[in-house]
Amino acid sequence: MAEKRLVPDESHVGGTVAALFIAPVVFVVAGGIVGALFGLLQMIFSNDSEWWTMTMVGVVQAVTGTYAARTACDAVLRSYSLRAVFIEFVIIVAVLILVAFVMLPWSWKRIPSLIEFAVIIGVGWQLLWKGEDL
């Protein structure tokens, strides 16, 4: 019976470091493109910018960006820590929430971004922490 190694090998550590750079970039690019297209369609076919339409754009961005980040890391890297990428997303979201509370006055227009942050954490939990196969 083979022994389990407590220390990961070099390729796993290198893959994790690479994933910590790749995942946020892919998240921003993919989520930005899909969110911009979805927002453009919403702007063309709707005459209002209600908070719920902004929320839907944010949810689409969050789901698409998180899924694309996981897919890109799986396609490029052989071995990496999914949980490290999830922890990175949690830290980024926590910093963004802190900046929003410090820099922006409280208003109801902040709710869509908070919902988007919650969706990022929820989808990230499912795809990255639990490590579900795609």
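Data overview
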read-out: Verdict on F86 being part of a helix (DSSP H, G or I), among the aromatic types (F, W, Y), within 13 Å of A23 (Cα to Cα) and out of contact with any Lys or Arg (no Cβ under 8 Å at 6 or more places or on another chain); value: yes
read-out: Residues of the range 59-79 that turn out to be in contact with an Asp or Glu (Cβ under 9 Å, 6 or more places away or on another chain) and among the aromatic types (F, W, Y), as a count; value: 0
read-out: Pick from the range 1-14, criterion surrounded by 10 or more Cβ atoms within 10 Å (Cβ to Cβ) and in a helix (DSSP H, G or I), ranking: modelled with the lowest pLDDT; value: S11
read-out: Test: E88 is surrounded by 15 or more Cβ atoms within 10 Å (Cβ to Cβ), among the acidic types (D, E) and touching a Gly at 6+ places or on another chain (Cβ under 9 Å); value: no
read-out: Condition met for W125 (of a type in the set (F, W, Y) and farther than 20 Å from G35 by Cβ); value: yes
read-out: Conditions (1) part of a helix (DSSP H, G or I); (2) free of Cβ contacts under 8 Å to residues at least 12 places away in the same chain; number of the one not met by I115; value: (2)
read-out: Leading residue by the ranking (farthest from V123 (Cα to Cα)) among those in the range 57-83 that are among the hydroxyl-bearing types (S, T, Y) and assigned to a loop (DSSP other than H, G, I, E, B); value: S79
read-out: Residue in the range 15-53 that is modelled with the highest pLDDT, counting only those that are in a helix (DSSP H, G or I) and hydroxyl-bearing (S, T, Y); value: T16
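The values are calculated or read from the model by the stated rules, or taken from the named source; none is laboratory data. All values derive from a computational prediction rather than experimental measurement. Neighbour counts are summed over all protein chains in view; Cβ atoms, including those assigned to glycine, are modelled from backbone coordinates with ideal geometry.
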